[in-house]
Every structure is written in C-alpha cells, then in structure tokens.
There are 2 protein chains.
Amino acid sequence: MNSKIETDSKRELILEGAIRRFSHFSIQKTTMNEIADDLSMSKPNLYYYFPDKTSLVIAVAEKITDEYLAAIDEEFTNSDAVDESLLKVIIIRNVFFKKYYMLHINDGQTEALFKDENLRSLMAGVKEKELALIAAQIREGKRQNLFKTIDVEKTTALFMDMLTGLQLCIGAMKSPVPAAEAFDETLHKQLEVARIFLDGIRRND
Amino acid sequence: MNSKIETDSKRELILEGAIRRFSHFSIQKTTMNEIADDLSMSKPNLYYYFPDKTSLVIAVAEKITDEYLAAIDEEFTNSDAVDESLLKVIIIRNVFFKKYYMLHINDGQTEALFKDENLRSLMAGVKEKELALIAAQIREGKRQNLFKTIDVEKTTALFMDMLTGLQLCIGAMKSPVPAAEAFDETLHKQLEVARIFLDGIRRND
DNA sequence: TTTTGACCATTCAAATAAAAAAGTCAAAAA
DNA sequence: TTTTTGACTTTTTTATTTGAATGGTCAAAA
C-alpha cells in the first residue's frame, strides 16, 4: 500500500501539468492524452486520479481560486490603509485574470463546462467569498470613519459590478486573444474609476 | 415625374416598416421579402429605394441614433442642474437600449454587419457625439465650480466606460432574450454607481 | 495500489447537400 | 420618365452526413 501522501503529490503533479496546458491553450483545446503525455503517463492512469475531465477542471479551478482568495486575504491582513489596499486588490485581480485568462473561468465562454452544477457552485462560492473579503475591508473603512454611512453590502456589490463591467469591455472588443495592452488599459481604467468611487464614498470633513 | 417629396415619404415608410421588423425580431432574422410584404410591395421595389440590405440597416441606424442624440440634447438644453441631467441621460440611454435591444447596434453581435465600414464609422461618430455632449455637461459642472478640477475628457470617458461596462453585465448572463428585470437592474446599478461617481468628482467645501 | 494497452462510445469538425435569402433584370404600369 | 413587378441568378445560411478525434472503460500486468 502506497502512502496517501504520495498519491496526493501525484495528484498535485497532474494538477500542475493540467494548469500549464489549460492556461497556455484553453481547457477545450487540451486533451486528456496531452496532459498524460506531458507527464509521461498513460491516460487510464490519469483517470485513476481524476474520474473525468470535469473533475480535473474543477480541481484546477479550486486550486487557482484558492490562490486568488489567499492573495487578497494576504493583502488585507498586511495593510493599514483601507482604500490603498482596495486599489491593490484591483491589481491582484488583474494579475490573476491575465495569468489565467485562457481558462475563461469568469465568463461563460466555457459553455459546456458551466452547465456542470459543481463548477457553477464553486464559482458562486468564490464570488461570495471575494465579496465578503472586500465588504469586510469597506466595513473597516466605515468603522474608521473614513467612509460615509453607506450600506456596506450594497456598496461592495456596486464596486465589484463596476470592476467586472470594465473587465467585460475587454472581451467586448473580442479579438480571440486580447492584446496585452487591452489588459493594461482595463487595469488603468479600473484603478481610475475606483479612485473616483472611493472619493465618492469618502467622508469629507 | 413623381416628386422628390413622395419618394422621400416612401423611403420613410420603408424605414418604419424595417424598424418594426428589426426591433421585434432581429436584423438577421428579418428578410427583405418580409419587409416588402409588410408594406404590400415587391422586393425589387424595395431595392429601388435601397440598393441593398446594408444600406437599409444603416439608414435605420442613422434614424434611431439621431433620435437618441436628440433626446440627450433636449435633456441638456432643458435642464439646469448638471448632475441631475447626467442621471437623466442614463435613463434615456436605457429607454433606447430597451426599445431597440433586438437591433444589437451596440455590441458586436451583429457580426457580419459590423464588418461594413460605413456602419462602423457611423457608430463611431455617434459614440463621439454622445461623448461630446456628456463632456460638455461635465465641463459646465466644472465651470459652475460644482466639480473638482478634473480632466474633463478623461473623466467623461471613464464615466461612459463605467456605464457601458455595467450594461455589458446584462449580456454576460446571456439569456437569448434578457428579461425585463435585467434591464431594470442594470439601470438601477448604473444610477447608483453614477451617483457615487458624481459624488467622487464633486467639490466639497 | 498503481499502471497500461487495447478497446468502445460519444463528441466534434470538415465536407457536402439542401434551402433560403440576397440581389438582378427586362419588361409592364403609372 | 419614374415606379413597380414576376421570374430568375447568385450568394449565404442551415441541415445532414461522415470520418476523425477525444473522452472514457476494462481486464490484465507491474
């Protein structure tokens, strides 16, 4: 009997291989055979660790989104100025978006995958956690009398919708592979609007 | 020889018929035959007034966007409070978006059509004019010392991008025919964020 | 317990055929 | 001369087929 720890590390290896393929080409364009070949293993062996492609995708999504949420959390715990850290989160968002753009985990371009209830609920959960983190930060800003007496939940939702909307503008001018400049332009716009937004909810005494 | 005025009124009749079809079903789903039949005329007769479908579409787009720009202009000339009129513009935008949603003049869903250079430049011109109108209003707000010393052009662009982005969120949850609630939710979000945005650029003495 | 070659079933994409729509023209009607 | 039309051609779109690629299984070996 092999150790659980070795099985886990093999799973980890597969995940990393899958992420490499997924994020260079897309999920749709990478085959299970390619992932197996990259790792010099057979396809059935892959299926020994992951029952099907969907569960592999979900595991990948879980890993990546955990990394993302951890990065935000890290920023919030290590920061003092509330509004500065909110701007930093925008940068973190964009780093991740750029890095894992090809996965199209955000938009519904991965049509077929997104019919899967598990993936849907995973992403819903991530969005919820993300929202909770940002909301906590905004609530803290309110507590510090930095912000006006706003409805924290609603304001947070607006803030996030605004960012997402600006993000979508990138996909709207749908070149199959969006140029690097497009990402940077989006980031820039998001930062500018966020600054105005934060000014808009800032207390002015 | 028939009068020019009669020819023009016939063109107008055709335009109205086309708009009716286009906005109930989409541009793609309405055929030249359907438009002709609606008006009890033959297809070749239609082609006597419009050389091809594209030029008919462009004429329709021109008519509608003129109506839109006129509505904004009207609002701006008849208003006194700058920020109030900016919020009203959001409502006007949404009325038009809802009314002519099926035309998909905004987004690039009308793929084929949008390869047409004439239509592209028309829409670019409309966007430019729209931007100029809003910019004038924001500039007026600045002149009245209502707003901070901001870069009017950049701020206007951000304001519009923010609205467009929020608009796109509607299409992101792409149900083929978006529910009426979705429109209203978008309008509501746009108004809320716009209020915060305007607070953000407002002078606070 | 982990790994694999050989295999099946399903899905996807290229090719093709069928249908529909865009667009033309010569001639008639106004 | 301007406007209108029936009959026709060409182009585009849609449906169908078919062959290859891919996801997924299994019995057997390591």
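The values are calculated or read from the model by the stated rules, or taken from the named source; none is laboratory data. Everything numeric in this text was worked out from a predicted model, so none of it was measured. Cβ placement follows ideal geometry from the backbone for every residue including glycine, while neighbour counts extend to all protein chains displayed.
Please find, among B:LYS189, B:LYS154, the residue that is surrounded by fewer than 16 Cβ atoms within 10 Å (Cβ to Cβ) and either facing another protein chain (nearest Cβ under 8 Å) or in contact with a strand residue (DSSP E or B) (Cβ under 7 Å, 6 or more places away or on another chain) (or both). Before the answer, list the steps.
Values: B:LYS189 fails: surrounded by fewer than 16 Cβ atoms within 10 Å (Cβ to Cβ).
Only one candidate passes the filter, namely B:LYS154.
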Across region B:25-44, which residue is nearest to DNA strand C (Cβ to nearest atom) among those that are in contact (Cβ under 8 Å) with a residue 60 or more places away in the chain and hydrophobic (A, V, I, L, M, F, W, C)?
B:ILE27
So is B:ASN94 on the phi > 0 side of the Ramachandran plot and of a type in the set (S, T, N, Q) or not?
no
Residue check for B:ALA182: at pLDDT 95 or above, in a helix (DSSP H, G or I), under 19 Å from A:LEU158 (Cα atoms) and of a type in the set (Gly, Ala, Ser)
no
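Does A:ASN204 satisfy the criteria of being outside any helix (DSSP H, G or I), closer than 20 Å to A:GLU84 by Cβ and in contact (Cβ under 8 Å) with a residue 40 or more places away in the chain?
Numbers: outside any helix (DSSP H, G or I): yes; closer than 20 Å to A:GLU84 by Cβ: yes; in contact (Cβ under 8 Å) with a residue 40 or more places away in the chain: no.
Criteria not met by A:ASN204.
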Across region B:23-41, which residue is surrounded by the fewest Cβ atoms within 10 Å (Cβ to Cβ) among those that are assigned to a helix (DSSP H, G or I) and within 11 Å of DNA strand D (Cβ to nearest atom)?
B:ASN33
Scan region A:45-77 for residues that are more than 23 Å from A:LYS129 (Cα to Cα) and either touching a Phe, Trp or Tyr at 6+ places or on another chain (Cβ under 7 Å) or within 10 Å of DNA strand C (Cβ to nearest atom) (or both) and report the count.
5
Give A:SER79, A:SER121 a once-over and let me know the one that is more than 16 Å from DNA strand D (Cβ to nearest atom), touching a Lys or Arg at 6+ places or on another chain (Cβ under 9 Å) and without any contact (Cβ under 8 Å) to a residue 24 or more places away in the chain.
A:SER79
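I'd like to know if region B:98-114 contains one or more residues that are among the polar types (S, T, N, Q), touching a Leu at 6+ places or on another chain (Cβ under 7 Å) and more than 16 Å from DNA strand D (Cβ to nearest atom).
No, that holds for no residue.
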